[in-house]
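Laboratory data are not the source of any read-out in this text; all were calculated from the coordinates shown. Everything numeric in this text was worked out from a predicted model, so none of it was measured. Virtual Cβ from ideal backbone geometry, glycine too; neighbours counted across all protein chains shown.
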Amino acid sequence: MNAARYPERHRHRRPKAANRAFVRVLVVLTLSLGVNYLVWRWLESVNWSVWWIALPLVIAETYSLVDAFLFGITMWRMKERGEPPSPSPDATVDVFITTYNEPIDMVMTTARAARGIRFPHRTWVLDDGARPEMRAAAEEAGIGYLTRDPSWENMPRHAKAGNLNNALMQTDGEFLMILDADQIPEPEILDRTLGWFRDPEVALVQTPQFFTNVTASDPLGSQAPLFYGPIQKGKDGWNAAFFCGSNAVLRREALMQLGLAEYVRQVERSLRQVLRTSASLLSTARREAAGQGPQVRVALDEVSEAVRQARRELGAPRSSFSEVTYRFRQRVDEASRGVVHADVAALARDLEELGELGPAGSSGGEPGGDGQIAPAVLDEEALARLSTREMSPLNALSSVRALVDAVDVSRADEAQPIMPMATLSVTEDMATAMRLHGMGWRSVYHHEILATGLAPEDLGTMLHQRLRWAQGTLQVMLKENPLVQRGLAWGQRLMYFATMWSYLSGFFAVVYLVAPVVFLCFDIRPVVSYGPDFLLRLIPYLVFNQLLFLVIGYGKRTWRGTQYSLALFPLWIRATWTAFANVCFGRPLGFVVTPKTKQARARPPWRLVWPQLTAMALLALSAVTGTLRYLLGVADFDLLSLVVNLFWVLFDLVILSVVISAATYTGPESEEQKVAETL
Amino acid sequence: MNFATEQIDTRTAVIRPQGRLTMTSTAALRSLVTETVESGHTHVVVDLEATEFIDSSGLGALVSGLKTCRQAGGDLRIARPGAQVRTVLELTNLDRVLRPAATVRGALGG
């Protein structure tokens, strides 16, 4: 194994108390200097005469300071866990490999490696594509194969979360390990992680994601050494280590509890909602029933009364949803029985008028005595059957049917009433972990690379993947804002919020790009002075901020991450906008499954990064313009301001330049080829 | 884990899980409920008197059973839970959906 590719693959070091104290000092200094700078910015240096740029700039700087605060809080409790306890020998484990359309070979490589995990377990391929050749390959290798059961037909599928929920109902291990189709596990992965579950409150153990198909310079920024390192360790310190969807072990009991609690919540929510909107459903029904006999109107009145009663009963403290809905359904059945009675009576009258009829016609129920067909022919049982849910004449009114279907506890709109993996977001992992934390479960970040996978090898695929993560995270933020979730401790709320906050950076990045341009080209200064007042406050803040970053990221390649957090600004904006439109107006996200195989292409996909390229051109142009204007004496600024803004432009350009190497990157093999050719 | 079943009348049946209703026995319970409903007994009472222990998977099986019964126009009720079962029901708030009755007869009524 190539040691250079596994920089963090070593045994845990002892916790370094001195290091942590040093980090804390740096955090305090950085944040104090930041507050000092920002207070001056807000109170004394906003150039309100050009508020349209001055205000956005000071807001962007405030955003960045909040970001630094959240980062500082994360680092405050960085947790070095050390050696894991040994696992309980009788633990039962299912290893799940989730796949949808990845190549069979890739899935089987992972599946065979999973089968080879040392700790006793069962291995399952969860094939959401239900491919016969996948089944054949798995069965041939003696590996379990699961696909959706028939109850999922015509139901929302919920992507990977649905795939896992389906598998949870068909297996019974005490623990489950989740692996993406490309994540090849080491044989010791369970031996190294299961021990953490000796703490009965631990629900989740997450290990890092590490990619083998990435060159040392990692132009696409696939490795996340800052996240799978200091940030996860920091979150772990606040008992908020994140679940990242793969390379993690979960406790089934915790997931099931989560599914049950969520089920009760959903039942209550949809009950209240349908009873609230029932008035309009019933008036639709009355319109539909116009022209029907009076009995139908009477029945609809009875249904209305049943709704009123159900609402009243639901209002009682700790009412039983099951009883409320059951009684509601009985009342509706009674109402429809009235209609059946009237229909049957009318039928009998017609028959009587027709005169004598033979006894042979009686169908079902007891024989009709002396051969006369009377309403009594239909005994109670037959009547009851004619008025049940399926047969009820009220069903002809689609709105009544919709109402009755909705007043239920069986979540008829879902394949399974119990959905342990959260389905509210396109990324199931974050929402699931947040709810587990909310129920009082604990999570563990185990810092040791125990599975290695494949990262996207081209810009297009990488952008899709990032967009999906950002959208998923922002969806959770908008639907279940961590700051107001009951059951979460404040530290946990901030840890979840920190990640979501960081995805909002796109808008502020634009401000950071525009501000120096308008200054150099049009003398528009958002800050009253770029002189010593400004520099004496800003420089110490920036220096300590960078120092903190250097200490935390020591020996790690964190620069790519820094670049991408700014350089992908169009993507972050799109993610924010689409997630907002999705949650608030129900618009589709326009989301695609992340392809694990490379997309073929001929030329660098420049159009994917045109906003960044445009920004770079404008920045370069403004640097030249500003310098020329200064030299020609037509600029309204001094040398110091020019230098400050040229530095600013330079920084922006260096950050943005990552998109050029990303667009021209063609994967690790061709990189190695290039090297070989030059030798 | 054993299940005793008793047919009360043409549409009602009682299922009695004996022992520990956990993730290893839930598949059996789910298919038993399905069979019972398919045989026309759409009203099912699960008598938990002899159930020593239940976990979330067991509760999950009760909820899928409830769905099966309701979809067939019937209902699933639970009766006589022990202290442990009651605690888990309250912990998950599931007692708001599956309200335990003190007796099997009580579960049948209403």
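Computed from Cα atoms, the angle from the helix A:505-522 axis to the main principal axis of chain A rounds to 40 degrees. For chain A, the longest principal axis of the Cα atoms and the long axis of helix A:321-354 meet at an angle of about 40 degrees. Extension gain, residue A:49 to residue A:539: 0.36 nm times the residue separation minus the Cα-Cα distance gives 173.8 nm. With R₀ set to 35 Å, the beta-carbon distance separating residue A:650 from residue A:551 gives a calculated FRET efficiency near 0.90.
The aspartates and glutamates whose alpha-carbon is closer than 12 Å to the alpha-carbon of residue A:160, local same-chain residues fewer than 8 away aside, are A:127, A:128, A:180, A:428, A:429.
Here's how it looks for residue B:92: its modeled amide H is under 5 Å from none belonging to a residue 5 or more places away or on a different chain. For chain A, the relative contact order comes to 19 percent (Cα pairs under 8 Å, sequence separation of at least 6).
Distances between placed amide hydrogens fall under 5 Å for residue A:175 paired with A:92, A:93, A:94, A:252, all partners being 5 or more residues away or on another chain. As a length-normalised measure over Cα pairs under 8 Å and 6 or more apart, the relative contact order of region B:2-80 settles at 34 percent. In this label model, residue A:349 and residue A:122 are separated by 6.4 nm, measuring between points 7 Å along each Cα→Cβ vector. Take chain A and mark each of the GluC sites (Glu not before Pro) that is in a DSSP loop with at most 15 other Cβ atoms within 10 Å; the longest unmarked stretch, sites excluded, is A:391-679.
With respect to chain B, whose longest principal axis is taken over its alpha-carbon atoms, helix B:26-38 is tilted by about 20°. Modelled spin labels at residue A:341 and residue B:50, positioned 7 Å past Cα toward Cβ, are 4.3 nm from each other. As an exercise, use a Förster radius of 30 Å and the Cβ-Cβ distance of residue A:59 and residue A:627 to find the FRET efficiency, rounded to the nearest 0.05. For R0 = 30 Å, the calculated efficiency reads 0.55.
Between residue A:529 and residue A:140, the contour length at 0.36 nm per residue exceeds the Cα-Cα span by 132.7 nm. Amide H to amide H, with H built 1.01 Å from N, residue B:75 comes under 5 Å of B:43, B:44, counting only residues 5 or more places away or on other chains. Label zone (residue B:71, point 7 Å along Cα-to-C-beta; backbone nitrogen cut-off 16 Å) within region A:407-449: A:408-419. Between residue A:617 and residue A:149, the modelled labels are 5.9 nm apart [label points 7 Å from Cα along Cα→Cβ].
Averaged over peptide B:84-96, the number of partner chain Cβ atoms lying within 10 Å of each residue's Cβ comes to 4.
Per-residue 3J(HN,Hα) values for region A:307-312, derived from phi via the Karplus relation 6.51 cos²θ - 1.76 cosθ + 1.60 with θ = phi - 60°, read 5, 4, 5, 4, 4, 4 Hz in sequence order (x marks Gly and Pro). Each 20 Å bin from zero up to the one holding the largest Cα-Cα distance in the protein assembly as shown carries the following percent of pairs: 14, 39, 29, 14, 4, 0. Between residue A:413 and residue A:580, how high is the FRET efficiency from 1/(1 + (r/R0)^6) when r is the Cβ-Cβ distance and R₀ = 30 Å? Nearest 0.05. Between residue A:413 and residue A:580 the formula returns 0.75.
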